[in-house]
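Undergrad: Have a look at this one before I ask anything.
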Protein chains: 2
Amino acid sequence: MMQTAPIDAVMRSLADPTRRSVFERIVRSREITVAELTLGSGVTQGAISQHLRALKQAGLVIDRPEGRNVHYRARPEGLKPLVDWMAQYDLFWRERFAGLHALLEEVEP
Amino acid sequence: MMQTAPIDAVMRSLADPTRRSVFERIVRSREITVAELTLGSGVTQGAISQHLRALKQAGLVIDRPEGRNVHYRARPEGLKPLVDWMAQYDLFWRERFAGLHALLEEVEP
DNA sequence: CAAACACGTTAGTAAATGCTAATGCATTAG
DNA sequence: CTAATGCATTAGCATTTACTAACGTGTTTG
């Protein structure tokens with residue numbers, strides 16, 4: 001059943017729509033509290049805390065406790081496993097179709 | 001619970017280690033049959049077929065029936081939702097840390 | 001001090017997921 | 001034709017998952 005690699009935690013974390021939405025909101029806000037994240041979401045605060053734990057464990061976010069609030073912010077290096085994974089297959093496709101490579105090029109023409 | 005977007009199917013498909021391994025083997029082989037995929041995996045042929053259905057539905061692979069065999073090959077455009085998703089956040093991070101952008105640059109110095 | 005607040009944690013539940021074993025359906029081999 | 005092969009599909013099962021409701025802990029307010 002394969003061992004648990006970093007790419008595993010990242011993929012699994014971002015696979016759930018609700019959790020991915022939480023991550024996206026954290027990225028867009030420079031910093032955001034749990035209460036603020038709960039407001040926009042359709043779920044309870046407890047659920048948000050659980051998603052945050054998963055994201056934190058995957059290395060995608062970090063928290064900064066301040067008084068009785070906890071501010072979360074994104075951790076860009078957290079996406080490195082995903083970038084590396086895609087880059088690995090970029091190699092294969094570049095040789096064959098220049099497919100993914102072309103897609104990556106679109107990011108910055 | 002958010003509507004089902006293309007990024008959803010892609011992320012969900014690649015989240016499972018076994019299924020991601022199947023996808024990786026399809027990419028590395030230009031074409032590969034279900035029987036060949038079954039051999040390397042630790043699961044039954046039925047399980048492989050189920051994973052292939054998920055990958056196909058996500059647009060990540062296509063099949064080419066030939067006699068009583070079915071050859072699978074990767075579909076590079078299938079990863080576009082993932083590339084787009086990352087590019088979207090590349091924008092934010094480039095402004096703030098130049099983090100993900102730097103990572104993407106590593107792909108082709 | 002007590003009450004309110006922000007957040008994490010837990011038990012319990014319904015639903016989704018990945019798997020096996022078995023079956024069915026074409027296609028090829030003998 | 002009959003047997004065997006390659007693959008998809010299905011039912012059933014065990015596990016995981018995302019959620020709510022409730023509670024616990026630490027911090028601020030009055």
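The values are calculated or read from the model by the stated rules, or taken from the named source; none is laboratory data. This is a predicted model, so every value here is computed, not measured. Counting neighbours? That spans all protein chains shown, and the Cβs are built from the backbone with ideal geometry, glycine included. The protein model used for the area step is the full one, side chains on, heavy atoms only, and it has no ligands, DNA or RNA in it. Shrake-Rupley method; radii C 1.70, N 1.55, O 1.52, S 1.80 Å.
Undergrad: When region A:13-39 is examined, which residues are found to be within 12 Å of another protein chain (Cβ to nearest Cβ) and within 13 Å of DNA strand D (Cβ to nearest atom)?
TA: Step one: list which residues in region A:13-39 are within 12 Å of another protein chain (Cβ to nearest Cβ), which gives A:13-31.
Residues satisfying the conditions are A:SER13, A:LEU14, A:ALA15, A:ASP16, A:PRO17, A:THR18, A:ARG19, A:ARG20, A:SER21, A:VAL22, A:PHE23.
Undergrad: Do we find a residue being open to solvent by 40 Å² or more (accessible area, probe 1.4 Å), among the basic types (Lys, Arg), more than 24 Å from B:SER13 (Cβ to Cβ) and at pLDDT 95 or above anywhere in region A:26-36?
TA: Of region A:26-36, the ones open to solvent by 40 Å² or more (accessible area, probe 1.4 Å) are A:28, A:30-31, A:35-36.
Still in the list and also among the basic types (Lys, Arg): A:28, A:30.
If we keep only those that are more than 24 Å from B:SER13 (Cβ to Cβ) too, we end up with A:28, A:30.
Of the ones still in play, those that are also at pLDDT 95 or above are none.
No, that holds for no residue.
Undergrad: Condition check: more than 15 Å from DNA strand C (Cβ to nearest atom), modelled with pLDDT of 95 or more, under 30 Å from B:PRO76 (Cβ atoms) and within 14 Å of chain B (Cβ to nearest Cβ). Does A:GLY59 satisfy that?
TA: Working: more than 15 Å from DNA strand C (Cβ to nearest atom): yes; modelled with pLDDT of 95 or more: yes; under 30 Å from B:PRO76 (Cβ atoms): yes; within 14 Å of chain B (Cβ to nearest Cβ): yes.
So A:GLY59 fits the description; yes.
Undergrad: Here is a follow-up. Conditions first: (1) away from DNA strand C (no atom under 15 Å from the Cβ); (2) modelled with pLDDT of 95 or more; (3) in a helix (DSSP H, G or I); (4) open to solvent by less than 20 Å² (accessible area, probe 1.4 Å). A:ILE48 passes all but one, so which condition is the exception?
TA: (1)
Undergrad: Being of a type in the set (Asp, Glu) and touching a Phe, Trp or Tyr at 6+ places or on another chain (Cβ under 7 Å) is the filter here; which residues of region A:1-30 pass it? Reasoning before the result, please.
TA: Residues of region A:1-30 that are of a type in the set (Asp, Glu), as a first pass: A:8, A:16, A:24.
Within region A:1-30, none qualify.
Undergrad: Next question. Give me the residue from region B:64-109 that is of a type in the set (Gly, Ala, Ser) and surrounded by 13 or more Cβ atoms within 10 Å (Cβ to Cβ) and, out of that set, modelled with the highest pLDDT.
TA: Filtering region B:64-109 for residues of a type in the set (Gly, Ala, Ser) gives B:67, B:74, B:78, B:87, B:98-99, B:102.
Among the residues that remain, those that are also surrounded by 13 or more Cβ atoms within 10 Å (Cβ to Cβ) are: B:74, B:78, B:87, B:98-99, B:102.
Working: B:ALA74: 95, B:GLY78: 91, B:ALA87: 81, B:ALA98: 49, B:GLY99: 48, B:ALA102: 54.
Across region B:64-109, the extreme among qualifying residues is B:ALA74.
Undergrad: Based on this model, can you work out whether A:ARG12 counts as of a type in the set (D, E, K, R) and open to solvent by 60 Å² or more (accessible area, probe 1.4 Å)? Explain how you work it out, then say what you get.
TA: Values: of a type in the set (D, E, K, R): yes; open to solvent by 60 Å² or more (accessible area, probe 1.4 Å): yes.
Yes, satisfied.
Undergrad: Would you pick out the residues in region A:13-45 that are of a type in the set (Asp, Glu) and within 8 Å of DNA strand C (Cβ to nearest atom)? If you could, list the steps in order and put the result at the bottom.
TA: Within region A:13-45, the first condition is being of a type in the set (Asp, Glu), and the residues that meet it are A:16, A:24, A:31, A:36.
Result: A:GLU36, single match.
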